[in-house]
Every structure is written in C-alpha cells, then in structure tokens.
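Taking it in order: structure first as structure tokens, then the write-up.
Just so it is clear, none of the values below were taken in a lab; they were calculated from the coordinates. For clarity, every value in this text was computed on a predicted model and none was experimentally measured. Note: ideal-geometry Cβ built from the backbone for every residue, glycine included; neighbour counts use all protein chains shown.
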Amino acid sequence: MHPGKDCIEIDGVPLRESTKIYLVLNKPRGLVTTASDEKGRSTVYDCLPGDRRWVAPVGRLDKASEGLLLFSNDSEWSARILDPQTHLEKIYHIQIATLASAALLQSIVRGSGREDGDISLAKRARILRGGEKNTWLEIVLDEGRNRQIRRIFDGLGIEVLRLVRVAIGPIQLGELKKGESRPLTLAEKNQLDRALQVPRRPKRPSKLSQ
C-alpha cells in the first residue's frame, strides 16, 4: 500500500483520510484525564465542545493538577511529543507549602533519591514569588515520567499545594481561561514540529565501505 497513491473503497465509496485536529485545553483542577471514568468523576472531555471523544489527550495531568493539555487525533504526532528522546521542555508553576531557598532549588535539579532507587530530576528551577509560608516555583522538565514533579517533592518531604502546566515546548497557556479550549494555530503547530526535530546521529561506516 502506498499512502497518497492507493485508494481504499468500501462498497465503491472511497475512504477519505480524517482531518487532523490539534486542540489546546486549560484543564481545571479536579478533572481526570480520561474519556470515561468508572467512578463517575468529571473528565477533561466535559470541557471540549461538541462530540470530541475521537480525539485523545497527549499525555495527561493528574486530577489535582491543572493547566495546558493537548488533544489530537494524530497518533503519530502525539507519540513524537511523548517520546523522551525529543527532550521537549515542559514548564510548570508550582506552589509549595514552605519557603524556598537556593539549597532547595539545587536539590530539585540534582534529584531526590527515594527508597526504591528512583531518581526524579528537574532540568531547571527558579523562584517566582514567595509569601509568608509558601513559595511559587517554576520547574522545567524535559522527561515524561509519571507524576514526576510530585515525586520530586515527595522525596523532599514538601507538600505541593498547586501544580499548573504553563507550556509544552513553544506552546504557551497564555490567557486561555480554565475549562476553555481552542485549536492550535498553524504557526504554533509548525513551531512545535520544529521543536520535535531530533538531530540524527551519523551512521558508522560499515566494514564493506571502509
């Protein structure tokens, strides 16, 4: 079969490739990232207009987390975003129940050891603002481990009060209101595609070519 050349028909009617959809959602806190929930909890699909259950979330945010979440019916594109080899940066704003210090930032970037031997790492960390008892931090990840940020702070014995994803690569949450979604613009899609390009390592010459 040659995509773009061969034609598939059912009862004489040619099948057409479905239109690719790329959406951005500002996920509110309290929603689960799934199409349906056996416990009857509200899901991220409740925020999408019309019947959007044929698009899938690109990765996930847990129930207590909020912010930028992508949706698409382009499974190949979604897989590239989730591929850890792309090292696509994701930026989070996190409120923690303690005052942050330079030593804490170093611990976040250095990684927090756990009894099971797992080590979670942040690529960068900085203080956004502080209060009397808590601090807002900006954390940058370039991996895709499950609940990575929460595991970092669990390892440090620090409570996470809020966790908001504000960017995936060049895509910014911006002024999108909680619970609202919008299509990814062509310019944004092109920027993200460029960010996903991973330089290929040169192949070693075979013995036959030496």
> Considering amide H positions built from the backbone, and no H for Pro or chain starts, which residues 5 or more places from residue 166, or on another chain, come under 5 Å of its amide H?
Replying inline: 68, 91, 92, 93
> What does a probe at residue 36 reach in region 57-86, counting residues whose amide N is under 19 Å from the point 7 Å along Cα→Cβ?
Replying inline: 57
>> Spelling out what I want: for every residue of region 81-96, take phi, set θ = phi - 60°, compute 6.51 cos²θ - 1.76 cosθ + 1.60 (Karplus), and round to whole Hz; glycine and proline get x.
In response: 5, 7, 5, x, 5, 6, 6, 5, 6, 10, 10, 10, 10, 10, 9, 10
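Can you give the FRET efficiency to the nearest 0.05 for residue 20 and residue 129, using r as the Cβ-Cβ distance and R₀ = 30 Å? If you can, show how the numbers build up before the last one.
On the way: r = 39 Å, r/R0 = 1.31.
Computed FRET efficiency for residue 20 and residue 129 comes out at 0.15.
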